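The values are calculated or read from the model by the stated rules, or taken from the named source; none is laboratory data. Because the structure is predicted, anything quoted here is derived from the model rather than measured. Cβ sites come from the backbone with ideal geometry, for glycine too, and all protein chains shown count toward neighbours. Only protein heavy atoms, including side chains, enter the accessible area calculation; ligands, DNA and RNA are left aside. Shrake-Rupley method; radii C 1.70, N 1.55, O 1.52, S 1.80 Å.
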Amino acid sequence: MADGSSETKSSNQMWGGRFASGPDAIMEEINASIGFDKKLYAQDIRGSIAHATMLAHQGIISADDKDKIVHGLNTILSEIESGSFEFSRRLEDIHMNIEARLAALIGPPAGRLHTARSRNDQVALDFRLWVKEELQKTEKALTTLIAAFLDRAEEHAETVMPGFTHLQTAQPVTFGHHCMAYVEMFGRDRARVRHAIEHMDESPIGAAALAGTGFPVDRHMTARALGFREPTRNSIDTVSDRDFALEFLSIAAIAATHLSRLAEEIVIWSTPQFGFIRLSDAFSTGSSIMPQKKNPDAAELVRAKTGRINGSLIALLTVMKGLPLAYSKDMQEDKEQVFDAAESLELAIAAMTGMVRDMTVRTDRMKAAAGSGYSTATDLADWLVREAGLPFRDAHHVTGRAVALAEEKGCELADLALADLQAINPAITDKVYDVLTVEASVASRTSFGGTAPAEVRKQIAWWRTRN
């Protein structure tokens, strides 16, 4: 007896203190998903109501049983939303928790609900419904963010600032034009969201375990009832497909990358060294030791959440990469990644929208920086091509000499004397000074999609018609 007790104790220690009852406890721990998939309760109930209604319409269950099922499901919905529903890990997932409660409420008719379906197509339906709804929320959030940028772009269509390449001053642009660059980015994100919604707009229910069902179901009826365009066309693919989740995560990762680039610029612009913007107190924090600090924590956290979202995409790609058709339990690991990424993306877009709307743009600092680093050098080269007839490569060389002279004298190009410029190239006249200001530089960039204020306003007007 002593030996047996010792062996049992040793065995339990091997399983670990958390799993006091050995292998059964471990299996329950690894198998249960109710801790996270309870988020799908509304979609599960909605899908079950549509399924029961179709079964009754097709004469597979009675109208009376259907009415009891629907009433019971609505009761469960109310219980969950009021917080009185008791979720059980022993019942594994949201589907079995709801089914068990339905049986307790209405008795034998509850057992008819699962006719002509499997948990495989049931979970595919619930998850697809949830992702579709989340994409619709993302579309609205992106539209709000785009609108915030359009407002700032209109406000600052003529506000000059330095444009950068390699984070070095390149050419003057307007802040409105810079804002419109993000409109383009987030506009592409929104287009991807809309395409994903259209792409995934197919109903999985009725595919059953993997082979379809012998019951005379009407999959088109349930698809319409659930707001899908049509049912899926292959039952094997239906239960093994998670492309819709991967597309959501791909879209989220690209959008988060755009948000992170913007967050990086906000962090840089809000430093005393740049001073282009001032964030509101709502999106900043202070230091525990340095009273002068105002930290752009919201932007930094948006930047950091990109890592979480990217990680979720890689995680699900890795889960799916080696799975044979059709369903495998590995696919239970899909939801936490999507749920986490969706929460992170939703919060990041909301925070960024708030920062864009609330931030103070310091136009004086932007204008002062716009002319630094000889940012109008290209305008001088273009003038030499246009007015003096020089080949561009020759004009580039002349301009380089002018920049070197300005550096030597410690002044800007516009401050060089005409005699100094003519000593470099006698074809230069006093009309060159008309192009050496940052205002003249941005006004001259009138090509389609350029930074000229008139062109920026055209792009703003075009985008406002697309919201």
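Restricted to the stretch 14-116, the set of helices (runs of 4 or more DSSP H) holding at least 3 residues that are at pLDDT 95 or above comprises 41-57, 63-82, 94-106.
When only residues in the stretch 192-222 that are open to solvent by less than 30 Å² (accessible area, probe 1.4 Å) and closer than 18 Å to Gln136 by Cα count, which is farthest from the chain's Cα centre (by Cα)? Here the answer is Ser203.
Scanning the stretch 42-80 for residues that are open to solvent by 10 Å² or more (accessible area, probe 1.4 Å), farther than 14 Å from Thr222 by Cβ and not aliphatic (A, V, I, L, M) yields Gly59, Ser62, Asp64, Asp65, Asp67, Lys68, His71, Asn74, Thr75, Ser78, Glu79. Per this entry, Ala315 is counted among residues that are at pLDDT 95 or above and open to solvent by 20 Å² or more (accessible area, probe 1.4 Å).
Residue-level check: of (1) modelled with pLDDT under 95; (2) in contact with a Ser or Thr (Cβ under 8 Å, 6 or more places away or on another chain); (3) not small (Gly, Ala, Ser), Phe175 misses just (1). Considering the stretch 254-270, and only residues there that are open to solvent by 10 Å² or more (accessible area, probe 1.4 Å) and among the aliphatic types (A, V, I, L, M), the residue that is modelled with the highest pLDDT turns out to be Ile254. Here are Leu384, Leu405, Leu380, Leu390: which of them is touching a residue at least 12 places away in the same chain (Cβ under 8 Å), in a loop (DSSP other than H, G, I, E, B) and either among the hydrophobic types (A, V, I, L, M, F, W, C) or surrounded by 16 or more Cβ atoms within 10 Å (Cβ to Cβ) (or both)? Within the list Leu384, Leu405, Leu380, Leu390, the selection yields Leu390.
Test Asp364 against the stated conditions and say whether it is open to solvent by 40 Å² or more (accessible area, probe 1.4 Å) and modelled with pLDDT under 90. So Asp364 does not fit the description; no.
Tell me, please, whether a residue that is open to solvent by 30 Å² or more (accessible area, probe 1.4 Å), within 30 Å of Thr437 (Cβ to Cβ) and either outside the structural domain of Leu55 (by the TED database) or touching a strand residue (DSSP E or B) at 6+ places or on another chain (Cβ under 6 Å) (or both) can be found in the stretch 124-142. No - not one qualifying residue is present in the stretch 124-142.
Of all residues in the stretch 210-256, those being of a type outside the set (Val, Ile, Thr) and part of a helix (DSSP H, G or I) number 21. Summed over the stretch 424-467, the residues that are under 36 Å from the mean Cα position of the chain (by Cα), over 14 Å from Gly163 (Cβ atoms) and either in a loop (DSSP other than H, G, I, E, B) or β-branched (Val, Ile, Thr) (or both) give a count of 7. The residue that is surrounded by the most Cβ atoms within 10 Å (Cβ to Cβ), counting only those in the stretch 232-250 that are more than 17 Å from Gln136 (Cα to Cα) and small (Gly, Ala, Ser), is Ser235. The single condition among (1) more than 25 Å from the chain's Cα centre (by Cα); (2) modelled with pLDDT of 95 or more; (3) open to solvent by less than 10 Å² (accessible area, probe 1.4 Å); (4) not basic (Lys, Arg) that Pro162 does not meet is (2).
The single condition from (1) touching a His at 6+ places or on another chain (Cβ under 9 Å); (2) buried (at least 22 other Cβ atoms within 10 Å of the Cβ) that Pro172 fails is (1).
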